[in-house]
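K.L.:
Right, I'll just put the structure down here and ask away after.
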Amino acid sequence: MIHTLAFYLFAAVVVVSAALTITSRNPVHAVLWLILAFFNAAGLMVLVGAEFIAMLLVIVYVGAVAVLFLFVVMMLDIDFAELRAGFVRYLPLGLVLAVALVAEILIAVGAWSTGRIELGRRIAPIDGALPNIEAIGHLLYTRYLYVFEGAGLVLLVAMIGAIVLTHRNRTDSHRQNVSRQVARRSKDATRNVNQPVGQGVEL
Amino acid sequence: MTSFFQNTVGLPYDWAWFVGTVVSILLIALPLMLAVAMIIYADRKIWAAMALRRGPNVVGPFGLLQSFADGLKVFLQETIIPTSANKGLFLLAPIITFTVALIVWAVVPFQEGMVLSNINVGLLYVLAASSLGVYGIIIAGWASNSKYPFYSALRGAAQMVSYEVAIGFVLIAVVLWAGSFNLSTIVTEQKGHIFGFINGFGFNPLLFPMAVVFLISSMAETQRAPFDLTEAESELVAGYQTEYSSMAFALFWLGEYANVLLMCALNATLFWGGWLPPVDWAPLYMVPGIIWLFAKILFFFFVFSWVRATVPRYRYDQLMRLGWKIFLPLSLLFVFMVSGYLMLDRVGVPA
């Protein structure tokens with residue numbers, strides 16, 4: 001009973017917050033509703049026993065991606081009148097996308113009616129008692145090792161690309177040399193002078 | 001707890017689970033609030049002693065009731081909401097900070113078998129919950145609709161995201177050695193870790209640098225001095241709390257100290273043996289594990305106060321440099337070294 005209650009709670013909050021994400025006028029509110037949706041989706045995953053994916057969803061999407069969204073949205077000065085100006089122009093494209101989405105949802109619902117997945121007959125069956133993380137680890141580091149490492153390489157290339165694109169050598173800024181700062185002692189900067197009266201100071 | 005309510009009280013399983021969980025949550029949260037009040041007093045006393053002052057000494061014997069007097073005072077004050085603030089989010093922000101500081105305690109093991117939720121992704125849950133903590137600050141800064149809180153929120157968010165990267169790698173090193181994400185298993189794996197009689201990953205030369213990185217990162221993660229750039233009063237008034245008053249402010253305050261206590265508990269649990277005594281010697285196990293854990297938590301809290309009283313505040317670029325250019329490469333290097341050692345250790349052993 002607790003399971004069912006929790007499922008309906010999480011599912012209802014996901015649907016409502018997703019709807020509010022696209023309808024709310026304030027972009028910051030929209031991002032916050034999106035975060036709530038992520039969070040409850042993670043709750044749904046915990047309910048089906050995929051606790052590792054649920055935690056990753058929270059760590060990666062809520063903890064990192066959404067923070068960056070929030071950063072960008074807070075700093076941008078978004079003018080909603082301007083955003084809505086192209087409504088008629090983009091209407092056909094929007095309609096096509098909407099039709100495609102509805103078709104996908106219908107197909108998904110159709111797949112649901114074909115019955116449950118036979119977990120025992122997967123390509124790479126895993127003992128059901130094994131914890132999530134170990135099961136994923138077994139698959140990733142044996143059967144799918146090359147695909148996994150390939151994905152890692154793609155991400156590495158993307159990361160290097162992002163650094164190359166945004167990096168610029170600034171010549172007008174004064175860099176700090178931290179090791180020099182740390183190595184500096186008081187005798188390098190100050191001296192003790194027994195100054196005779198009336199002769200002025202030599203710097 | 002569930003079995004107690006099911007067998008002794010005679011409730012059906014669902015209700016027994018519900019009542020048992022609620023009672024366990026209260027058993028953790030209420031003493032925690034009391035501990036936070038006392039730890040604020042301890043912090044002020046330690047700080048005062050290091051500055052050769054007396055600290056709070058008027059309310060109650062030795063000033064022990066000072067925190068409760070402060071609590072009563074803020075409770076009786078008016079909650080002021082700025083007219084241009086975003087009212088809902090403005091009030092939501094301290095609630096988030098406070099709640100997030102509490103929920104992580106669900107997976108902290110206090111003693112053998114004494115943990116609210118013994119999940120096998122415990123450490124990931126800790127990471128997930130601590131990454132939520134940034135929202136309290138960022139929402140507070142934005143909803144206040146004021147410049148200083150907003151700057152402070154941006155600083156806080158960047159700082160917490162940066163140091164979470166290093167913390168993540170440190171946790172990976174610990175998980176590699178323990179072979180589990182479950183916090184109770186991590187503690188039991190530390191039993192007799194060095195030469196069979198010293199308990200704690202921190203005594204391992206490969207993990208000791210990680211323990212130091214984790215201790216410093218946990219100070220940055222909780223916005224404690226010397227990394228309290230979000231509340232740098234010389235630059236940002238009171239940072240994201242500037243517009244807050246009465247209970248809303250108190251919730252931030254309580255959440256901050258609950259977070260500090262949590263980080264001390266994590267330091268103790270992950271590296272210094274949690275509820276285990278420091279040495280694997282039978283008479284030491286006569287002392288209940290929870291006492292050992294509390295002693296370690298209090299020791300780390302003293303270190304936190306000590307640092308706060310003695311180390312001057314970092315500059316913001318120094319803070320970012322420490323996080324990205326020193327801790328990140330260092331923790332990455334040690335993840336490689338730890339995994340390399342563990343692989344070497346099992347050469348010839350069938351998987």
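Derivation of every value follows stated rules applied to the coordinates shown; laboratory data play no part. These figures come from a predicted structure and were not determined experimentally.
K.L.:
Sorted from largest down, what three extents in whole angstroms do the Cα atoms of the range B:77-346 have along their principal axes?
P.N.:
That gives 63, 38, 34 Å along the principal axes, largest extent first.
K.L.:
Using the membrane-span-like helix rule (whole DSSP H runs, Cα extent along the own axis of at least 18 Å, mean Kyte-Doolittle hydropathy at least 0.5), which helices of chain A qualify?
P.N.:
A:2-23, A:27-47, A:87-112, A:145-166
K.L.:
Averaging sequence separations of C-alpha pairs under 8 Å and six or more residues apart, then dividing by the length of chain A, give the relative contact order as a whole percent.
P.N.:
Once normalised by length, the contact order is 12 percent.
K.L.:
Continuing with the same structure: Using Cα pairs closer than 8 Å and at least 6 residues apart in sequence, work out the relative contact order for the range B:1-129, in percent.
P.N.:
For the range B:1-129, the relative contact order is 15 percent.
K.L.:
Looking only at B:Gly88, B:Gly136, B:Gly156, which one moves most when chain B is put into a Gaussian network model with springs between Cα atoms under 10 Å?
P.N.:
With Cα springs under 10 Å in chain B, the top fluctuation among B:Gly88, B:Gly136, B:Gly156 is at B:Gly88.
K.L.:
With θ set to phi - 60° and the Karplus curve 6.51 cos²θ - 1.76 cosθ + 1.60, what are the ³J(HN,Hα) couplings of the range B:83-95 in order, to the nearest whole Hz, using x for Gly and Pro?
P.N.:
5, 8, 6, 7, 4, x, 5, 4, 7, 6, 4, x, 5
K.L.:
Once Rh for the range B:210-255 is found with the Kirkwood sum over Cα pairs, what is the Stokes-Einstein diffusion coefficient at 25 °C and 0.890 mPa s, in µm²/s?
P.N.:
After rounding, the answer is 209 µm²/s.
K.L.:
Among A:Val96, A:Val157, A:Val15, which one moves the most in a GNM of chain A with springs linking Cα atoms closer than 10 Å?
P.N.:
Largest GNM mean-square fluctuation: A:Val96.
K.L.:
How big is the Kirkwood radius of the range B:134-225, worked out from every pair of different alpha carbons and given in Å to one decimal?
P.N.:
For the range B:134-225, the Kirkwood estimate is 15.1 Å.
K.L.:
Continuing with this model, one more query. Compute the projected area of the convex hull of the Cα atoms of the range B:216-351, averaged over all viewing directions, and report it in nm² to one decimal place.
P.N.:
Taking a quarter of the hull surface, the average projection is 12.5 nm².
K.L.:
Something else now. Quick check on the range A:1-85: what are the equivalent-ellipsoid semi-axes from the Cα gyration tensor, as sqrt(5λ), descending, whole Å?
P.N.:
With the √(5λ) rule applied to the range A:1-85, the semi-axes are 29, 16, 7 Å.
K.L.:
Need the full-extension length gain, B:Gln318 to B:Met343, defined as separation in residues times 0.36 nm minus the C-alpha distance. One decimal, nm.
P.N.:
So the chain would gain 5.4 nm between B:Gln318 and B:Met343.
K.L.:
Taking the alpha carbon gyration tensor of the protein assembly as shown, what are the square roots of 5 times its eigenvalues, largest first, to the nearest whole Å?
P.N.:
40, 34, 30
K.L.:
What is the distance in Å between the Cα centroid of the range B:276-351 and that of the range A:1-38?
P.N.:
38 Å
K.L.:
If you plug each phi of the range A:173-188 into the Karplus form 6.51 cos²θ - 1.76 cosθ + 1.60 with θ = phi - 60°, what whole-Hz ³J(HN,Hα) values come out, in order, with x for Gly and Pro?
P.N.:
9, 8, 6, 9, 9, 5, 5, 5, 4, 5, 6, 5, 10, 5, 6, 6
K.L.:
Output needed: percent of Cα pairs per 5 Å distance bin for chain A, bins running from 0 to the one holding the longest distance.
P.N.:
Pairs per bin, as whole percents: 1, 5, 6, 8, 11, 12, 12, 10, 7, 6, 4, 3, 3, 2, 2, 2, 1, 1, 1, 0, 0.
K.L.:
Sequence gap at least 6, Cα distance under 8 Å: using those rules, report the relative contact order of the range B:94-137 to the nearest whole percent.
P.N.:
53 percent
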